[in-house]
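K.L.:
Below is one structure. I have some questions about it.
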Amino acid sequence: MRLHQRNIFILPSGHGLIFLGVAGLIFIAAINYAVSLAFGLAFFMVSLFLLSIFYTYKNLHRLQLTALATAPVFCGETILFNISLSRSDSEPAEGLVFEFIGGFLAKAREGLSEPQTFADLLNSENLEIQVSVRATRRGEIQAPLLRVSSVFPLGLARAWSVVDLPLACLVYPRPIPTPLPPAMADPGQSLGLHSKRAGAEEFEGFRDYQPGDPLRQLAWKNMAKGQGMLVKELSEPVSSSLWLNWELFYGLPVEEKLSRLSYLVLRLSQGSSPFGLKIPGVLIEPGIGPAHRSRLLRTLALFESAE
Amino acid sequence: MKRSHHIPNHALIWILLSVTLAILPQVNNLPYDLLLLAGACVLWRLLIHMEVLKFPRKPAKLIAFLIIAISLAYQIQRFGPGLESAASLLTMGFAFKLIEMRYRRDVYIVLSLCFMLVMVALLYSQSAIMTIYLLVCIWAVLTAMVSVNRSARQASPRLAYPLAGKILLQAFPLTIVLFVVFPRIAPLWAVPIPSEGATTGVTDEMSPGDLSQLGRSSDLAFRVKFENTPPPLHSDLYWRGLVLEDFDGETWRRSRSRSAYGAAAQRVDFQFQWEDRVQISGQPLSYNVILEPTHQPWIYALHLAEPVNSNLLRSRNFEIFNSSLVSSRLSYDMRSYPGNRTDVVLLDSVRRRALQLPDDGNSRARELAEELRSSTINDRDFVYAVLAFFQENPFYYTLNPSLLGEDRIDDFLFGTQEGFCEHYASAFAYLMRAAGIPARVVVGYQGAEYNRYEDFLQIFQYNAHAWNEVWLEGEGWVRVDPTAAVAPERVETGVEAALANDPAFREQSLLMSVGLGGIDWINTLRMRLEAFEYEWNRLVVNYDVGAQFDFFQDNLGSSENGTRQKLFLGMSLLLLTVLFVWALSRKRVTVKGGILDSAYLALSEELSHYQLARRMGEGPVDFQDRVVAQLPEISDLMNQFTEIYISAIYGAVQLSEAEEKQGLTQLRQLLKEIKQCLRHIQPVKSAQFTLFKMP
């Protein structure tokens, strides 16, 4: 998306109006006292005002906005949309303010610490900025209209442009803490880290260390060889895999069910037992690991959301 | 409040600096306590910034408000409601706003007020120096504005003042155009004149001591520039102001009944038969005078003068009056006739007025007049005899004469024998009248300082002078200067020479030309500055309705209904628009092969008539395929075009500038051929297309 004459608007700002008002007062004083240079001052202020329109416009002119990929978030968190700024010429663009307007914004801006993002495009050809919006519902969220504005350098005029960038973000259901169903809390299929019992597992291979892995599973020998921190992956001799089932929360509303499932997915991902998901229309075979986790959360996020 | 509304730290220094610079010119106009208070406010804000102090709470604000109210009441009591009071109110409100300044919108108010203060400073002084100072002040204000809007998030905030300076300079051309072109409007309502501008210069009353008071002042009275001719000799530079005819034994007055100068009464009085009373011979002198404000209606000119400007009026004594009080600098053109005779036939009423004397007193002077009268054959001889009396007796020319007793003329002539020009003029006129010769006192200025850099004369207050006019049979009114008999150097070279040893004069003029006259380079520098100041006043400060009219008449011929003005204005605006558009459309493409894009875009534009404009994100090859499929007629040209474009933009080698230009020429040639081909093909109507467009 590129900004140019046709999509940049410019109007005097509040300060600009005060400034013009003062220029008017000075002009009247110049008339009444017949002071030649006071005329000059009033005209000077008008010239400054006109110049500032030009300068402010130039700030946005030829600015190129490109939508970048956005990391998924959970409902209720803040979405940070990534946008890349660039300019075909090397003129600096300063005092740029980005904020989303319209749509679900009134709600989405509540409690947002920084609804506006400020940026200056100085010498760098490219700049990545993040503009935030609160995630109010799960699913695939299209970013609302983005307003780019600037009052730089004198603050007398405000230039703005409203752009519709193809920005989208996946919002997972808000996790609601929920106790593990009794079937899963069963010792044989325990999930807690502390209940892992040595000897009950079989060595399966190495994987990269992740924070939270028990130290005793670290492959110290490999580390001593300089192969980095590896963890011995142990598979539990469990025949039956875990299934996160729609029926676990029988009687709860759909969103509530999704939220609780979302929590359980997070919880179970910390463990090492594979688990699957069974919800109406979708069946995901048991698995483990970050990719599996994302897949499950994505499924939950998009569940019946083809509105 | 959100953080973004707070004042960036680096801006605060500039804001405080602008405020200080804007208040400084008011130093002379404000009482010291208010200035101290304003200074304290600036300091307070600085301390808030350094987190030593806190923002004021409600009680503090109340106290500030009370202080403003009290000081305003005091100011009004002192000066009356007027400019001073308004200026001090503005300054105080401004200073207090400063400590309360917390958010950006407060800054905007403070900075806009800075411009108001700049305007107030201009009301007091429009000198070139002041203007330059105020420009620096505006520069600081602009820098503060830039700083406020420049985010502090930048890794190293760039300096704001170069950008502010750039904007300042760029604002000049339009300002000058507006200044020259914008029609000036007559004042909407009467405004009180600054009381500081109390009447200065020569007054319409002359008692001993009045002019010697002026003689101590080195303020500028007026500047004169002669057109075409070099200025006359110093001894011929008698700038006539007023003619004083009434004498009560102590004071000479212009006219007992007309000291208030009711404009209407004057106007009637000025209607007189100029042609009947004046005989002119010789070449007239043309010159322009820029008079400093005197707050009095009369103005100064050489000899017998005829005003060129229409709003100037002549009195029956050939004085010249402005139609209103000269409350701001006044520029006027004059034509003077050095060779002239006035009132060769004297009216009885005038003769009576010019012979009037108090009935008694000054008996010794009367005796002297009678004694000299009897020893001379005619009036002219008598004049010479009196001048000889001044020359032969030990009269002394001084700014500091002894006080005179009851019979002032007697005491001066036979007692103290020391005085300034008004003593000599007064005594001379008295002796003339006592001898039955019509005589009057003229007050004005004598002499001038010549500035060779701009070829103009400067007349200072210490040039104030009084002399006489005596009516002689067959000659009319003749100028006689008794001071010249006592101190010829006063008239020939100037008051500086005449009073070189007078302590009272030297004391006043230590730093002026007189005191440092001996030091060459300082004198040169001063002359140059004064020359600049003269041009500044002539061209800028005095640019009013009349000057604007003249400007357009001189430069654009006669301005019928202002058509030419409008034309000029229109042309200027057009020029500005063109500059504006040019500045916007100036391309600074740094992309490889960038200049070829223009031809490519032109092609896309051309093909858009056939609903074949290049789509968003469509590559050149796809575009080519789509076009060729639709318009097989231009397939060859299109293929060539795309090939050149692709090799230039996406080729492995970076093209040189010359190669790019060559490529562009080729593309343009191809484009032309494509257009020719397309001429035979009916363009697709867009409406039709839209209707049947498939999703």
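The values are calculated or read from the model by the stated rules, or taken from the named source; none is laboratory data. What you see is a predicted model, and the numbers here were worked out from it, not measured in a lab. Counting neighbours? That spans all protein chains shown, and the Cβs are built from the backbone with ideal geometry, glycine included.
K.L.:
Give the range B:305-322 a look and list any residue that's of a type in the set (D, E, K, R), modelled with pLDDT of 80 or more and not in a strand (DSSP E or B), or say none.
P.N.:
B:Glu319
K.L.:
How many of the residues making up the range A:24-50 are more than 18 Å from B:Asn542 (Cβ to Cβ), facing another protein chain (nearest Cβ under 8 Å), of a type outside the set (Val, Ile, Thr) and surrounded by fewer than 21 Cβ atoms within 10 Å (Cβ to Cβ)?
P.N.:
Of the residues in that region, 2 qualify.
K.L.:
Further question: Go through the residues of the range B:160-178 one by one and say whether even a single one is part of a loop (DSSP other than H, G, I, E, B) and modelled with pLDDT under 75.
P.N.:
No, there is no match, as no residue in the range B:160-178 is part of a loop (DSSP other than H, G, I, E, B) and modelled with pLDDT under 75.
For every residue, the table says whether it meets (1) away from chain A (no Cβ under 14 Å); (2) surrounded by 12 or more Cβ atoms within 10 Å (Cβ to Cβ); (3) free of Cβ contacts under 8 Å to residues at least 12 places away in the same chain.
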{"position": "B:Trp14", "(1), (2), (3)": "no, yes, no"}
{"position": "B:Gln26", "(1), (2), (3)": "yes, yes, no"}
{"position": "B:Tyr32", "(1), (2), (3)": "yes, no, yes"}
{"position": "B:Ala38", "(1), (2), (3)": "yes, yes, no"}
{"position": "B:Val42", "(1), (2), (3)": "yes, yes, no"}
{"position": "B:Arg45", "(1), (2), (3)": "yes, yes, no"}
{"position": "B:Ile48", "(1), (2), (3)": "yes, yes, no"}
{"position": "B:Pro59", "(1), (2), (3)": "yes, no, yes"}
{"position": "B:Ile67", "(1), (2), (3)": "yes, yes, no"}
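K.L.:
Here is a follow-up. Are there any pairs with C-beta distances below 6 angstrom linking a residue in the range B:530-554 that is under 11 Å from A:Ser36 (Cα atoms) to a residue that is hydrophobic (A, V, I, L, M, F, W, C) and crowded, with 18+ Cβ neighbours inside 10 Å, with the two at least 6 apart or on different chains, and if so which?
P.N.:
As it stands, the answer is B:Asn537/B:Ile290, since those pairs meet every condition given.
K.L.:
Could you look through the range B:117-130, keep only residues that are assigned to a helix (DSSP H, G or I) and either in contact with a Gly (Cβ under 6 Å, 6 or more places away or on another chain) or surrounded by fewer than 20 Cβ atoms within 10 Å (Cβ to Cβ) (or both), and pick out the one that is farthest from the other protein chains (Cβ to nearest Cβ)?
P.N.:
The selected residue is B:Ile129.
K.L.:
Follow-up question, since we're still on this one. Determine whether the range B:503-526 contains at least one residue that is at pLDDT 70 or above and within 25 Å of B:Leu330 (Cβ to Cβ).
P.N.:
yes
K.L.:
For residues that are within 9 Å of chain A (Cβ to nearest Cβ) and over 23 Å from the mean Cα position of the chain (by Cα), scanning just the range B:131-150, find the one that is surrounded by the most Cβ atoms within 10 Å (Cβ to Cβ).
P.N.:
B:Met145
K.L.:
Name, by its number, the condition in (1) of a type outside the set (Ser, Thr, Tyr); (2) surrounded by 21 or more Cβ atoms within 10 Å (Cβ to Cβ); (3) more than 10 Å from every other protein chain (Cβ to nearest Cβ) that does not hold for A:Gly76.
P.N.:
(2)
K.L.:
Keeping to the range A:269-302, report how many residues are out of contact with any Leu (no Cβ under 6 Å at 6 or more places or on another chain) and closer than 20 Å to A:Val73 by Cβ.
P.N.:
12
K.L.:
I need the helices (runs of 4 or more DSSP H) fully contained in the range A:1-117, keeping only those with at least 1 residues that are on the phi < 0 side of the Ramachandran plot, modelled with pLDDT of 85 or more and outside the structural domain of A:Ser262 (by TED's automatic domain parsing).
P.N.:
Result: A:14-33, A:36-60.
K.L.:
Another one. Scan the range B:291-320 residue by residue and report those that are among the hydroxyl-bearing types (Ser, Thr, Tyr) and either surrounded by fewer than 19 Cβ atoms within 10 Å (Cβ to Cβ) or more than 23 Å from the chain's Cα centre (by Cα) (or both). So that I can check it myself, show each step before the final result.
P.N.:
Looking only at the range B:291-320, we keep the residues that are among the hydroxyl-bearing types (Ser, Thr, Tyr), and these are B:294, B:300, B:310, B:315.
Correct list: B:Ser310, B:Ser315.
K.L.:
Next question. Can you tell me which residue among B:Val589, B:Val581 is within 30 Å of B:Val181 (Cβ to Cβ), β-branched (Val, Ile, Thr) and modelled with pLDDT under 75?
P.N.:
One residue alone meets the criteria, B:Val581.
K.L.:
Further, regarding this structure: When residues of the range B:220-250 are filtered for being aliphatic (A, V, I, L, M), within 20 Å of B:Pro284 (Cβ to Cβ) and either modelled with pLDDT of 85 or more or touching a His at 6+ places or on another chain (Cβ under 7 Å) (or both), how many remain?
P.N.:
Going through the range B:220-250 one residue at a time, the tally reaches 2.
K.L.:
Hey, among B:Ser349, B:Ser375, B:Ser324, B:Ser315, which residue is farther than 30 Å from B:Glu406 by Cβ, without any contact (Cβ under 8 Å) to a residue 24 or more places away in the chain and small (Gly, Ala, Ser)?
P.N.:
B:Ser349
K.L.:
Go through (1) closer than 30 Å to B:Asp276 by Cα; (2) outside any loop (DSSP other than H, G, I, E, B); (3) touching a strand residue (DSSP E or B) at 6+ places or on another chain (Cβ under 8 Å) one by one and return the number of the condition B:Glu422 breaks.
P.N.:
Condition (1) is where B:Glu422 drops out.
K.L.:
Sticking with this structure for a sec: Among the residues of the range A:51-63, is any over 30 Å from B:Tyr543 (Cβ atoms), touching a Pro at 6+ places or on another chain (Cβ under 7 Å) and more than 7 Å from chain B (Cβ to nearest Cβ)? Working first, answer last.
P.N.:
To start, the set of residues in the range A:51-63 that are over 30 Å from B:Tyr543 (Cβ atoms) comprises A:56-63.
Still in the running and touching a Pro at 6+ places or on another chain (Cβ under 7 Å): none.
No, the range A:51-63 contains no residue that is over 30 Å from B:Tyr543 (Cβ atoms), touching a Pro at 6+ places or on another chain (Cβ under 7 Å) and more than 7 Å from chain B (Cβ to nearest Cβ).
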